[in-house]
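Asks: If you scroll down you'll find the structure; I have some questions about it.
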Amino acid sequence: MEKIELKRSKEFDLPSGVLAAAVSADAKQAVLGCLHGVYRLNLESGEHERLYRHDSYVSSVAWLGEHRIITAGYDGELRWFDLATNALVKRQKVHEFWSWDMTVSPDQSYVASVTGQYIAGGYKYEPQAEKEPSIRVLSAATGELVWSLSHVPSVQSVAISPDSKWVAAGNLMGQVRVYNLGDGSLEAQWTTPDFTSWGIIKSHCYLGGIFSMKFSPDGEHLLLAGMGPMRDPMAGNGKQLWQRWAWRGNEPAKVDQTHDGEAGEGLMETLAVHPETSHFLMGGRLRGGDWNAALFDHDSGARLASLKTGYRVTEASYLEDGKQVLLAGSKRQPKTIYKKDGELNDFGRVEVYSF
């Protein structure tokens, strides 16, 4: 398998840690969901500005056409913003708890957001039942509620298929559900225990979960990312893990996963799938090993390239031409977040790599 060389072509520091990023179709700008609000970054000049804030951290961002964006936050709200008029168009309370993740369908019809808090429900620490629907699907154009769908909290990742017909969501326990967006029916569900851990040292609890998921370009497979099991919930030393599942049919099947010898330790938080299906990228935090962002061949699962970025990668996104990838995240948070003049100390990071 031919290796790929990644060359960093652009790098930018941001005032606040980045949790989410989305690139415009012309690759000239990115919108960033940060700890301290929503920022717009010019990918040519490096200039940035804060557009607005949520009432808490901004967990997700997505484009709607050329001039409008949707953001989601730990305040449980979705907000629509028009970049052309620099105006907040709509804000809507979607969850009582956080929005862990949000996505817009490829045809721009739907926006899906997931929520939920893990609270032990019994002596085996099994999760309590959801207090609100864990998956909300709305009209991306109007904000009208389309579906309220059930899952087991907390639900930390969501994806919509390339044909905009299916929504998938994954939770803390490694449980995946796929729903039909046409009629709201449950199409598939399964559990992969490899993404959750039961802490038997220091703290008895479940932790981990599926932190990112993406459909393959043909819609036949689901890629999942997170971290492999560990005994100590404070250590963060589970295996850097992805899995690929054939999800259709009565018995979804695991097709492939991170190969032995090709991963270290750390929580993987983001996936990006190349538009031509040749490879995908996974990134996150480094606990032990020599990389925290890597490219993998879609068919063979082999690792093709890797990076040790020196910061936590929370978002990866291929640019429209498929020849570049954007990585975003946070450097180590400074002891003092604000400078003496009241400005934020830079600890957000955005980089662009070419193949």
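Asks: I'd like the GluC sites (Glu not before Pro) in the stretch 1-79 restricted to DSSP loop residues with at most 15 other Cβ atoms within 10 Å, sorted by number. Walk me through the numbers before you get to the answer.
Replies: On the way: sites: 2, 5, 11, 44, 47, 49, 66, 77; in loops: 2, 5, 44, 47, 66.
In loop regions of the stretch 1-79 (DSSP not H, G, I, E or B), the sparsely surrounded GluC sites (Glu not before Pro) are 2, 5, 44, 47, 66.
Asks: What is the set of long-range amide H partners of residue 238 at a cut-off below 5 Å, with H atoms built 1.01 Å from backbone N?
Replies: Residues meeting the amide H criterion: 266.
Asks: Which whole-Hz couplings ³J(HN,Hα) result when phi for each residue of the stretch 95-102 is put into the Karplus expression 6.51 cos²θ - 1.76 cosθ + 1.60, θ = phi - 60°, listed in order with x for Gly and Pro?
Replies: Working through the residues one at a time gives 10, 6, 9, 4, 8, 6, 7, 8 Hz.
Asks: Out of 241, 281, 186, any idea which swings most in a Gaussian network model of the chain, alpha carbons joined below 10 Å?
Replies: So, out of 241, 281, 186, the one fluctuating most is 186.
Asks: Over all pairs of distinct alpha carbons, what does the Kirkwood formula give as the hydrodynamic radius of the stretch 31-100, in Å? Don't skip to the end; give the middle numbers.
Replies: On the way: mean 1/r = 0.0827 Å⁻¹.
After inverting the mean inverse Cα-Cα distance, the result is 12.1 Å.
Asks: Using only alpha carbon pairs under 8 Å that are at least six residues apart, calculate the relative contact order of the chain and give it in whole percent.
Replies: Details: 1047 pairs, mean separation 49.2, N = 355.
Relative contact order here is 14 percent.
Asks: Got a sec to turn the phi values of the stretch 130-139 into Karplus ³J(HN,Hα) couplings, 6.51 cos²θ - 1.76 cosθ + 1.60 with θ = phi - 60°, whole Hz, x for Gly and Pro?
Replies: 4, 8, 8, x, 6, 10, 10, 10, 10, 5
Asks: Okay, next question. Please state, rounded to one decimal and in Å, the Kirkwood hydrodynamic radius that the stretch 85-158 gives when every pair of distinct Cα atoms enters the mean of 1/r. The partial results should precede the final answer.
Replies: Details: mean 1/r = 0.0751 Å⁻¹.
The answer is 13.3 Å.
Asks: Using 5 Å bins from zero, what percent of all Cα-Cα pairs in the stretch 250-355 falls into each bin?
Replies: 2, 11, 20, 20, 17, 12, 7, 5, 3, 1, 1, 0, 0
Asks: Report Rg(Cα)/(2.2 N^0.38 Å) for the chain, keeping two decimals.
Replies: Values: Rg = 19.1 Å, N = 355, 2.2 N^0.38 = 20.5 Å.
Output field value: 0.93.
Asks: Rounded to the nearest angstrom and ordered from largest down, what semi-axes does the equivalent ellipsoid of the stretch 157-211 get from its C-alpha gyration tensor (root of 5λ)? Please report the intermediate quantities before stating the final value.
Replies: On the way: eigenvalues 166, 18, 10 Å².
Three semi-axes, in Å: 29, 9, 7.
Asks: Still on this structure, I have one more. Strictly over 29 Å apart at the Cα level, which of 165/254; 7/90; 93/323; 165/331 would you flag in this model? Present the calculation step by step, with values, prior to reporting the outcome.
Replies: Numbers: 165/254 22 Å; 7/90 39 Å; 93/323 38 Å; 165/331 37 Å.
Over 29 Å Cα-Cα: 7/90; 93/323; 165/331.
Asks: Can you give me the relative contact order of the stretch 12-91 as a percent, contacts being Cα pairs under 8 Å and 6 or more apart?
Replies: On the way: 185 pairs, mean separation 16.4, N = 80.
Relative CO of the stretch 12-91 lands at 21 percent.
Asks: Which residues' amide hydrogens lie under 5 Å from the amide hydrogen of residue 258, considering only partners 5 or more residues apart or on another chain, with H built in the peptide plane?
Replies: HN-HN under 5 Å from residue 258: 242.
Asks: How large is ³J(HN,Hα) for each residue in the stretch 148-155, as worked out from phi by the Karplus curve 6.51 cos²θ - 1.76 cosθ + 1.60 (θ = phi - 60°), to whole Hz, x for Gly and Pro?
Replies: Along the stretch 148-155, the couplings run 10, 10, 8, 7, 9, x, 8, 9 Hz.
Asks: Pick from 187, 130, 343 the residue whose mean-square fluctuation is largest in a GNM of the chain, springs joining Cα atoms under 10 Å.
Replies: For the chain, modelled as a Gaussian network with Cα springs under 10 Å, the answer is 343.
Asks: Give the relative contact order (percent, whole number) for the stretch 250-292; include only Cα pairs under 8 Å separated by 6+ residues. Don't jump to the answer; show the numbers that get you there.
Replies: Details: 50 pairs, mean separation 16.1, N = 43.
Once divided by the residue count of the stretch 250-292, the mean separation gives 38 percent.
Computed from the coordinates by the stated procedures, all read-outs in this text should not be read as laboratory data. A quick note: this is a predicted structure, and the numbers were derived from the prediction, not measured. Quick reminder, even Gly has a Cβ in these numbers, built from the backbone with ideal geometry, and neighbours come from all protein chains shown.
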